[in-house]
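Below: one structure, written as structure tokens.
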Amino acid sequence: MPDTAAANERIWIRQAQQGDAEAFARLYEQHVDAIYRYIALRVPSQQHVEDLTEEVFWRAWQAIDRFRPERPFLHWLYRIAHNLVINDARRAEKHRSYEMMTDMGHALMDETPSPEENLFRQEDIQQLRQAMTTLSPDEQTLLTMRFFDGASYDDIAPVLGKRPGALRVLQHRALKKLAKQLAPMRTVA
């Protein structure tokens with residue numbers, strides 16, 4: 001985050017901690033896309049994604065006075081989102097599959113795909129979703145943040161409560177699991 005943006009964020013946090021809802025709205029606007037994307041990659045229903053995203057920010061607003069700026073605000077939001085998604089999965093008594101929305105897949109593409117390309121991409125996305133269900137929640141969070149949000153190990157460490165070195169090992173193992181799951185699917189195609 002550029003210095004100006006970081007300075008603005010610190011000001012908005014202080015103002016929000018003093019009860020300024022408009023300042024919190026600016027924080028919301030700055031980070032809602034990242035939180036939405038994080039949740040969307042883990043929850044299958046778009047409506048449920050929207051609900052959980054709003055719940056993250058509602059909880060953040062309720063607890064803003066407890067936020068300490070030793071770590072980035074976005075990391076704090078990720079932690080809230082992570083806990084909400086995990087708790088949601090526990091309440092449902094099943095492990096939620098790692099879902100990607102169709103329109104998110106299109107947003108990641110440079111061009112509008114042909115119908116054939118779209119079909120193959122949808123099959124690839126479905127295979128990835130299926131393979132991701134074999135990973136632990138921490139592995140899913142790590143891969144989401146690293147490869148979809150471009151977060152560093154240092155950024156992810158406070159979210160998962162692990163050291164960057166442990167995250168490297170966790171990522172290596174998670175990618176090996178994914179490769180093992182995807183290998184039979186690739187030979188069939």
| What residue among I13, Q62, N83 has its Cα farthest toward the positive end of the dipole of segment 3-91, where the charges are +1 on Lys, Arg and -1 on Asp, Glu, each on the Cβ? | N83
| Under the Kirkwood approximation for Rh and a Cα-based Rg, what ratio Rg/Rh is obtained for segment 3-91? | 0.98
| request: Give the calculated FRET efficiency between L128 and A21 to the nearest 0.05, with a Förster radius of 25 Å applied to their Cβ-Cβ distance. | output: 0.05
| request: Rounding to the nearest 20 debye, state how big the charge dipole of segment 8-58 is about its Cα centre with +1 on each Lys and Arg Cβ and -1 on each Asp and Glu Cβ. | output: 240
| query | Among L160, F147, Q171, whose Cα lies farthest out toward the positive end of the dipole of segment 127-189, if unit charges sit on the beta carbon of Lys, Arg (+1) and Asp, Glu (-1)? | reply | Q171
| Extension gain A6-F148, at 0.36 nm per residue separation less the Cα-Cα distance, in nm? | 48.9 nm
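Coordinate-derived values only; no laboratory data. Just so you know, these numbers come straight off a predicted model, no measurement behind them. When we count neighbours, we look across all protein chains shown, and the Cβ atoms used for this are built from the backbone with ideal geometry, even at glycine.
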